[in-house]
Structures are given as C-alpha cells and as structure tokens.
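Read through the structure below, which is laid out as structure tokens, and then see the notes.
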Amino acid sequence: MLILLDSKFMASKILVSLVGEQTIPNIQLIKEFDFVDSFFFISTEGMEKKGTREWIIKSAQLSDDKVQLPILVNEHDFNDIAEKLSGIKFADSDDIFVNISDGTKIMSIVAFDFFKELGAKIFYVTGKNSEYIKIFPKSNQKNLIFNYRLSVKEYLEAYGFSITKTGSVSQSFSVIESIFNYFAPFFEPETSLVSPHNFVFSELQKYRGISSSKLISIDKIAGLKNLLADLNFTPKYIDSLTKDEIILLSGGWFEEYIHYKIQKEFNLPKNHIGIGVFVEKQGVPNEFDVVFTLNNKFYTIECKTSVYYMENAKKRTTIGDFVYKCDSLQSEFGLYPITAIATLSALKNKEGKVNPIAETHYKRAELYNVTILAYSEIVSGKNFTELLNIS
C-alpha cells in the first residue's frame, strides 16, 4: 500500500501520533508543538470504532485541513504495522516529529525503528510532572517540561465527554466563608451543638428544582428569616429567594467554599476550574461538583455538607455511593481523574478513629485511590496541596 501525502500537506513540519487508550499524551504534544503544519495519526480499527482519534482532534481543536487521513494498523502485528508505515512517502524536506507515548508496545517499537531511519525527532510523554522526553536523536538534555496546560474542557473532551452545562459561584468569597464559619461548629465530632435551622434546610431542599425565573417567598418557609439573620445574608430581593439562593443556602455554599479555596490556592484561570459541571458521553449524563486541572492532571471533588442520614432509627452514611461514583468514572467512562470526596460530616472521632459505619467505605476508597476529606481534614488548616498530596 502506497500513501502519498496530499500536496496541501507538503508543509515542512509534521507530527505523527500513535492512537491508543490514553489520549492526553497526544493532546499535550499537539498543543505544545504549535508550530506543526499537519497532523498524522496511526490508529486501529478498535480505536476508530471507539472514536478516540476524533476525541483527540476535537480536544486539540485541529482544523480538518491540517489532519491527514488515518493509517489503520493491526496493533498486534509487527509485519502489518511495518508494511503500513513503509507505504507512507514523506517528502525529503519534511521535518517529522513522532509521539510514541500511546498505542500498543508493538506499535511503539515498530514506529520508533521506522521513523528513526527517516531521521525523525521522536518523543515520549512520561505522564509525570508534565514532563516529556526526546528519545531520538539522543541528547544530554534533561526531561523537557510542557509549557501548555490543559483546560477542564480540553481534558473532558479528550475522553469523549461533552459539557452540556456549567455552574458558577453565586457569592463573593467573604460571604461564603462567613456561611462556612457559621455552620462548621455544628459538624464538630461529638459536639452537643445542634443547628436550629435543620427544618429550614429540609424545606429549602423541596424548592431546589424550581425554574430559574421563579421566586419563593421568604415567609413561605417557617424559620427562614431567622436563618438569613443568623447568616447575615442579604438576598437579591427583600421578600423572596431566587433558585440560586435556595441552592446556595441548602448546601451549595459548601461547593462554592471548596471551589474558592482551590482557585485561590493555585491561582487557577477560569477555564482550569469548574463548579456544577454537567457532562454527557454516549448519551449517559454525569455531573461534577468541583473539577480542576493542575499541571496537566485532572481532579474531581464530590462535595456534600453531610453524608449521614437516619433509616429505621439507625444512623447511615451515603459515603459509599460517592466512592462508587468516583470509581465508575474509570470503569465505565474511561476517565482517569484524581478524585476526592469532601464533606463536613465527622467521619472520625477526635482521636482520628474512623466511625465504624464508614470503615468499609474508607477501605474501598483507599483501594480505588479516592481521598476522603471529612470534617477533621477540612478544618485542619492544611492546604489542598497537602490534603490531595499534590507534588
């Protein structure tokens, strides 16, 4: 099979990428090498059926006129891969760059040998500390560092997700911090304090699903005026609450608190952090409370003010449901985030011992690398670099 590059692709700089399960290394190098004129993908029938190459193209925002038709190979057949690569005829003047980070090991080996003979520059993305290596021609240069940082949108699209809706913070940090400081003492382990507003919260929950244009009279919910006074919270309208305010007061403030703390600590631009992000993949919807990208890694934090509830006069916890959700992102959706669950519930006593009803869930969370940030961690004074073990 002979494949001649179309004349419109006869520019001098070409990036060849191997397509496999992990899309991020390809997108990283595409974004870093913004001087490249055309893009060439070596793919497989399985990856084409899955749509992986199209995810890369969409996430990297490559225009059709810069993308070559893919070369499909049998990913487990040395001879087939070598034959398909030999059928590509590059111009002598082409400056070829190759990313062998993805694809099968056999694809990487054959591609390395083939492009080495052409004098191409060959790279490998390590997946650690935003580093990549130039493995041919060899040099004494240390590992290279990516300058480009992927956004939340780019990372999600790299795994086939489409963002259908995004939320936003509704109040200033000073307002959110004030609400946090008021409620936090009620969650302290073994405290005798009981919030006088528990009934109000359950009533507010009933109105979270109202239309955005509808207002709820403050007088309609008994005790709501007292809650607003205790929080020193001034609503937009003197006698009514908006939908956003209802969501905020019934627990949304905790998401906003976590969002603000992370954004401020890492000084993240808006497109590198999101709150209330709704996504869809292959018709299946999902929602992220707080997501952010940092040094080309993707983080998700599930935020719940409380994970306890009563059933048949027994205290139960929903923490297992959230651990399962985090796990399913990998097993069902093919997304590999660094995940955490943040809650003000006291899942440990003052000595640091895990509540017996949460022990099993802690073990499962550890098994799936899900970090649980409960009351003791949230109020510890530690920053998120420490809490999430960010290096």
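Element breakdown for the range 307-383 at a 1.4 angstrom probe: carbon and sulfur atoms account for 48% of the accessible area. With the highest mean first, a sort of the peptides 252-258, 299-305 on other beta-carbon atoms found within 10 angstrom per residue produces 252-258, 299-305. Secondary structure note: in the chain, about 50% of the DSSP beta bridges are antiparallel. Restricting the calculation to Cα atoms, the range 102-212 yields a radius of gyration followed by a Dmax of 26.4, 75 Å. Each of Lys128, Lys116 has its accessible area taken with a 1.4 Å probe; listed largest first, they run Lys128, Lys116.
Exposure check, 1.4 Å probe, all protein chains in place: Lys214 carries approximately 100 Å² of accessible surface.
Kindly identify the range 238-293 as rounded, prolate or oblate by the Cα gyration tensor criterion: order the square roots of the eigenvalues as a ≥ b ≥ c, call it rounded if a/c is under 1.5, otherwise compare a/b with b/c, prolate if a/b is larger, else oblate. Oblate, since a/c reaches 1.5 and b/c is not below a/b.
Hey, if we sort Glu203, Glu366, Glu265 by accessible area with the 1.4 Å probe, largest down, what's the order?
Correct descending sequence by accessible area is Glu366, Glu265, Glu203.
Comparing Ile24, Ile133, Ile372 in a Gaussian network model of the chain (Cα springs below 10 Å), the most mobile by mean-square fluctuation is Ile133. Remark: the range 243-248, residue by residue, has Karplus-estimated 3J(HN,Hα) of 4, 4, 5, 5, 4, 4 Hz, where x stands for each Gly or Pro and the curve is 6.51 cos²θ - 1.76 cosθ + 1.60 at θ = phi - 60°. Taking all protein chains as they are arranged and a probe of 1.4 Å, the heavy atoms of Arg364 leave approximately 80 Å² accessible to solvent. Among Val16, Val370, Val200, the residue with the largest mean-square fluctuation in a Gaussian network model of the chain, with springs joining Cα atoms closer than 10 Å, is Val200. Computed from backbone phi, the HN-Hα couplings of the range 157-174 come to 5, 5, 10, x, 8, 10, 7, 9, 6, 10, x, 7, 5, 9, 9, 5, 4, 4 Hz, rounded to whole numbers (Karplus: 6.51 cos²θ - 1.76 cosθ + 1.60, θ = phi - 60°; Gly and Pro given as x). Backbone geometry of the range 377-383 corresponds, through the Karplus equation with coefficients 6.51, -1.76 and 1.60 at θ = phi - 60°, to 3J(HN,Hα) couplings of 7, 4, 9, 6, x, 6, 8 Hz, x marking Gly and Pro. Compute the angle between helix 105-117 and the longest alpha-carbon principal axis of the chain, please, reported from 0 to 90 degrees and rounded to the nearest 10. Long axis of 105-117 versus the principal axis of the chain: about 50 degrees. For Lys214, a cut-off of 27 angstrom between C-alpha atoms picks up these lysines, skipping any fewer than 8 places away in its own chain: Lys165, Lys206, Lys225, Lys236, Lys243, Lys304. Accessible area per residue was computed with a 1.4 Å probe on protein heavy atoms; Lys165 scores about 120 Å².
Each label was represented as a point 7 Å from its Cα along the Cα-to-Cβ direction; for Asp219 and Asp64 these points are 6.1 nm apart. Tell me whether the range 297-391 comes out rounded, prolate or oblate; compute the Cα gyration tensor, take square roots of the eigenvalues as a ≥ b ≥ c, and use a/c under 1.5 as the rounded threshold. Oblate. Residue ranges 27-39, 149-161 sort as 149-161, 27-39 when ordered by packing (mean number of other C-beta atoms within 10 Å per residue, highest first). Structural descriptor for the chain: relative contact order 12 percent, calculated from alpha carbon pairs under 8 angstrom and at least 6 residues apart. Charged neighbours of Ala120, selected by a Cβ distance under 10 Å, balance to -1 (K, R count +1; D, E count -1).
Proximity of backbone amide H atoms, modeled 1.01 Å from N, is registered between Leu294 and Tyr299 at under 5 Å, excluding neighbours fewer than 5 places apart on the same chain.
For the residues Ser63, Ser213, Ser86, a GNM of the chain with alpha-carbon springs under 10 Å puts the largest fluctuation on Ser213. Projection of the Cα convex hull of the range 224-364, averaged over all directions and equal to a quarter of that hull's surface, yields 12.2 nm².
Volume per residue for the chain equals 172 cubic angstrom (convex hull of Cα atoms).
The values are calculated or read from the model by the stated rules, or taken from the named source; none is laboratory data. Keep in mind that what you see is a predicted model, and the values were worked out from it rather than measured. Note that we place each Cβ from the backbone using ideal geometry, even for glycine, and neighbour counts take in every protein chain shown. Note: areas computed on protein heavy atoms with side chains; ligands, DNA, RNA excluded. Shrake-Rupley method; radii C 1.70, N 1.55, O 1.52, S 1.80 Å.
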